Amino acid sequence: MIMPGDKPVALVGAGTQGARLAYMWSQLGGSVNLIDQNEQQLEKAQGYIQSLRQASSPGPDGWGKVSTYSASRLSEAVLPAWLILECVPESLELKKKVIKNLNDVASPDTVIASNSSSYTISEIIKDIELDDRSRFLSLHSYWPPETSAIEVMGSEETSPEVISLMMEQCKLHKFMPFQVHKSSTGYIYNRIWAAIKREALLTVAEGVASPEEVDAIFKEVLKTPKGPCEQMDVVGLDVVLDIEEHYAETREGLPQAPRQYLKTMIAEGKLGVKSGRGFYDYGASASKAN
């Protein structure tokens, strides 16, 4: 296995999460190769990384260099890396394709990880022909640098040395790593959060309380800035439904009512913030209910 040393980290996908992770992995002076098929997205990511840097201070060795690469230069970008992390959109088919491509072009001892929030590495690499299955794992972060928690989860085939290396390196780069000891859809935190979302939806669907009341009591008790319905609006109700459907596929006995409630809202064009309406109205002249 390649040890980090002065090797770069390669990130596939230059969206918001990819840019934030490029910031994290470069703050101690390490170099990052950021890859995306969209040149404009790469430029946007560089600007975003600079804005994050302006609001903080680098390590003693200064900021590391973030180099951008088009998808056509994938091999050039990943060959020197000790770690490759995919941050592409949450599609199992897409992630399988990307992981297979990375396996084919990366150095044989490079660690390859997925940042997927809803698919385990076991699901992603299932039925894919890979050179060495022991080097693949999940490396799921939330909203760095504000939220430094990162979950490290292998498959049954992942080498314990790879897990140990990632726990050590994540901590070194100012993440707060948590090891997920068994393959788990939703990792640790998202399983807990999924239960909260599900019960919030069920509470509203049954007419026990309105979205405004659910959010208000949640914030009053836990002192959080947003309630479950507000959070779901931000994520997008179609995305929330996709995640819930995946949980239902992997676990027996989950209630159907929360998913049906989401389907009804989506059919009415209520997707949350991105469509202007969800649990709340986000129109130009509208204000949120609370």
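Here are the numbers for this structure:
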read-out	value
Entries of LYS97/LYS274; LYS44/LYS226; LYS197/LYS263; LYS7/LYS96; LYS97/LYS126; LYS95/LYS274 with Cα pairs more than 19 Å apart	LYS97/LYS274; LYS44/LYS226; LYS7/LYS96; LYS95/LYS274
Solvent exposure of region 44-109 as accessible area per residue, Å², 1.4 Å probe	51
Ratio of Rg to Rh over the chain (Cα coordinates, Kirkwood Rh, two decimals)	0.99
Crossing angle, helix 160-172 versus the chain [Cα axis fit, 0-90 degrees, rounded to tens]	80
For the chain, calculated [θ]222 nm from helices alone, where every DSSP H run of n ≥ 4 adds -39500 (n - 2.57)	-13500 deg cm²/dmol
Point-charge dipole on Cβ atoms (K/R +1, D/E -1) for region 79-152, about Cα centre, debye to 20	60
Cα convex hull volume per residue for region 1-154 (Å³)	100
Region 1-71 - convex hull of alpha carbons, volume per residue in Å³	77
Rounded accessible area per residue of region 191-267, 1.4 Å, Å²	53
Candidates VAL221, VAL239, VAL111: whichever shows maximal mean-square fluctuation once the chain is modelled as a Gaussian network with Cα springs under 10 Å	VAL221
Residue list for region 226-243, given a label point 7 angstrom along the Cα-to-Cβ vector of ALA205 and an amide N cut-off under 13 Å	241-242
Portion, in percent, of the accessible area of region 1-146 that falls on carbon or sulfur, probe 1.4 Å	49
Compactness relative to 2.2 N^0.38 Å, alpha carbon Rg of region 177-290	1.09
Solvent accessible area, Å² - PHE218, 1.4 Å probe, full protein context	40
Two-decimal Rg to Rh for region 126-187 - Kirkwood Rh, Cα set	1.00
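The values are calculated or read from the model by the stated rules, or taken from the named source; none is laboratory data. Keep in mind the model is a prediction, meaning the values are calculated, not measured. FYI the Cβ positions are ideal-geometry reconstructions off the backbone, even for glycines, and counts take in every protein chain you see. For the accessible areas, the whole protein counts, side chains as well, though only heavy atoms, and no ligand, DNA or RNA atoms are used. Shrake-Rupley method; radii C 1.70, N 1.55, O 1.52, S 1.80 Å.
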